[in-house]
Amino acid sequence: MNGTLEPLFFWLISAVIVLSALAVVFMKNIVHSALFLIVTFVGMAGIYALLQADFIAAVQILVYAGAIAILIVFAVMLTRRGDIRASNPFNGYAIIASLACLAFLVVTVSMIFNSGFEIVESVGKSVVEPLAIAMMGDFVISFEVAALLLLEALVGAIILARGVKKEQ
Amino acid sequence: MEGIFLRIADFAKQLFSSLNFGPEITSILMALFHVSAIIGFVLLNVLVLVLLERKLSGYFQQRPGPNRLGPNGAFQTIADVIKLFGKELIIPKAADKWVFILATIVVFIPAVMLYAVIPFGKKMIAIDLNIGIFYFIAISSTATIAFIMGGWGSNNKYSLLGGMRTVAQMVSYEIPLVFSLLGVIMIAGSLKMSDIIAAQKDVWFIILQPIAFIIFFISSIAELNRAPFDLPEGEQELVAGPYTEYSGMMFALFFLAEYANMVSISAIAVTLFLGGWQGPILPSWMWFVIKLYIMIFLYMWVRWTFPRIRIDHLMHFNWKFLLPLSLVNIVITGIGIKLVNWLNWF
Amino acid sequence: MLQQFYAVLTFFGFGIFFAIIALVLAKIFGPTNPTAAKITTYECGLDTQGPTWVQFKISYFLYALVFLIFDVETLFLYPWAVMFQKLGLFAFIEMIIFIAILVIGLWYAWKEGALEWL
């Protein structure tokens, strides 16, 4: 009996993700697009939770739905000019863009099918402790580089924003 | 007395199991049972809290507060609820209709979801997640979305300004709030609520982490948008901030979520700093409620004692004082734990 | 584990359900009479002047940016804090370096006035 609901929830959440992602592209109003992007983020968290990666799901909610979404909305408020109701228009690159997306899809799908995934039984185990051990042990260089990357992102963004401030 | 709620839950569990739907449906039914019970508890509390807040504010300002309806005004909030149901839901013509309405629903979702990991008593926790407190932080970080939606969707200058201020304030104070909990987690060595409570068997974390508790308390007031940090809805400058265009039940949902969040964040303070439901003689859930109301009284006391502060002071206080202080607290806690372990080793 | 996820989903669903029920009940019991004056935008009794959705000031964006950096930091700090007592002194020094690098970022933002409300 166990596991019967899993496919149902998987398809349900996938449908929500795909539809909201399409809405992000097709909405005329850019703030509506940003709000649908939040739905996509939350849906992704649902997929992570279905994969039993509870910590990653919470991180997805915390960072993407809680922080990136806010940043996007603030950026929209900062840069927008003209009428909000037609702030997310289409330009003449639709065909080229869809071709590029198709190429990306082909590459991604072929990579998914060509990589040998290992199915790991991790029922009931916490992922936090192994994550910490890996972070502080084998991947300590990457861990410190991540800090540098964050620093770099912060400094770069402040320099860019200072230019905007002078314009204002 | 101790096991009274557990016995009811066991009875429900047996009832649902006997229906033979399989473990998954049973767990969903149990969760429905838990969430209904919790929401019942929260709604009951909000009724009491609104009255308590109005009475306390009255006493702090040397006036009696509401005192006409029922003995000493006890039925005032019940009348208010009935009145709210009879009010019209006004949607301004200029508003972005769907965003405007959906904001009232979106504000309520995290408010309910937060209660999933709150231990109301011994074994009285709806879902004892491995990532317990991290789940709480993640879900509470999404509370800002509703304010963006409401503030922007109203198409009102006060609403938008108030909404943007709310979000800026909530995200700023989230950082010291989250960092202040790290000291507790370092000592407890787990994110699970039941483990954190078990770690406080001998000594409460408020004694080991006094600075963390103060940081947590201050930033949680800002997270709740309560005075002295209630700039988003500072009525003298912004009318009612993001709530300006909301009426009737739509306003009530915002209001309800605000009080529900106050209860849940007080519950987290009790769980992480005041030893949770642990205490002598009385049943565990009674200890929880007593400690909960002590925390809530603290929030109300602060609200009706301090005047509102200016927004630039608010931001500077967070980024230039609370955040560095919380980082220092983490390092000091780390050194302290290492020292204690080192001394025990000899 | 999955059962816990279903339980969380149930809480999510109940939140939506409760809010919708409250709104529907209010719609049924309350009057519906939107007059022209009632549904205008509130602006202290005057007619509303100019568009609401204009360009906003940059301070909000800068706060959100610094917030994002520290939010990402928390997700490194939490696993570390859980394992702190088992990881030993070396991990503690690693984390102090990690925090120090981000404190440099905070200091830079401070120096450049990204934390000023102006």
Some residue of segment C:106-118 being aliphatic (A, V, I, L, M) and either at the interface with chain A (Cβ under 8 Å from one of its Cβ atoms) or touching a residue at least 60 places away in the same chain (Cβ under 8 Å) (or both): yes
Please report, ordered by residue number, the helices (runs of 4 or more DSSP H) entirely within segment B:93-158 with at least 1 residues that are farther than 23 Å from C:Val82 by Cα and touching a residue at least 40 places away in the same chain (Cβ under 8 Å). B:97-106, B:108-113, B:143-153
Going residue by residue through segment B:24-46, is there one that turns out to be out of contact with any Leu (no Cβ under 7 Å at 6 or more places or on another chain), loosely packed, with under 15 Cβ neighbours inside 10 Å and farther than 26 Å from B:Leu292 by Cβ? no
So for segment B:94-112 (the condition being more than 18 Å from C:Leu23 (Cα to Cα) and within 22 Å of the chain's Cα centre (by Cα)), does at least one residue qualify? no
Looking only at segment C:78-96, how many residues end up being more than 7 Å from chain A (Cβ to nearest Cβ), of a type outside the set (Val, Ile, Thr) and surrounded by fewer than 22 Cβ atoms within 10 Å (Cβ to Cβ)? 6
Can you list residue pairs whose Cβ atoms sit under 8 Å apart, with the first residue in segment A:125-148 being facing chain C (nearest Cβ under 7 Å) and closer than 15 Å to C:Leu75 by Cα and the second being of a type outside the set (A, V, I, L, M) and not in a helix (DSSP H, G or I)? Count only pairs 6 or more apart in sequence or on different chains. A:Val128/B:Asn130
Based on what the data block shows, is B:Ser141 closer than 30 Å to A:Ser126 by Cα, surrounded by fewer than 24 Cβ atoms within 10 Å (Cβ to Cβ) and of a type in the set (S, T, N, Q)? no
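For every residue, the table says whether it meets (1) under 21 Å from the mean Cα position of the chain (by Cα); (2) at pLDDT below 85.
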{"site": "B:Gly241", "(1), (2)": "yes, yes"}
{"site": "B:Phe255", "(1), (2)": "yes, no"}
{"site": "B:Ala267", "(1), (2)": "yes, no"}
{"site": "B:Leu272", "(1), (2)": "yes, no"}
{"site": "B:Leu282", "(1), (2)": "no, yes"}
{"site": "B:Phe297", "(1), (2)": "yes, no"}
{"site": "B:Trp301", "(1), (2)": "yes, no"}
Looking at (1) away from chain C (no Cβ under 14 Å); (2) within 30 Å of B:Phe306 (Cβ to Cβ), find the lone condition where B:Asp80 falls short. (1)
Residue in segment B:56-70 that is out of contact with any Cys (no Cβ under 6 Å at 6 or more places or on another chain), at pLDDT 85 or above and crowded, with 19+ Cβ neighbours inside 10 Å present: no
Give C:Lys38, C:Lys27 a once-over and let me know the one that is of a type in the set (Lys, Arg) and either in a helix (DSSP H, G or I) or buried (at least 20 other Cβ atoms within 10 Å of the Cβ) (or both). C:Lys27
Can you pull out the residues in segment B:42-92 that are outside any helix (DSSP H, G or I), hydrophobic (A, V, I, L, M, F, W, C) and without any contact (Cβ under 8 Å) to a residue 24 or more places away in the chain? B:Leu69, B:Ala74, B:Phe75, B:Ile91
Based on this model, can you work out whether B:Lys87 counts as within 15 Å of C:Leu23 (Cβ to Cβ) and either in contact with a Ser or Thr (Cβ under 6 Å, 6 or more places away or on another chain) or charged (D, E, K, R) (or both)? yes
Look through segment C:57-75, keep the residues that are among the aromatic types (Phe, Trp, Tyr) and more than 7 Å from chain A (Cβ to nearest Cβ), and return whichever of them is nearest to B:Leu182 (Cα to Cα). C:Phe70
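The values are calculated or read from the model by the stated rules, or taken from the named source; none is laboratory data. All values reported here derive from a predicted model rather than from experimental measurement. Positions of Cβ are backbone-derived with ideal geometry, glycine not excepted, and every protein chain shown enters the neighbour counts.
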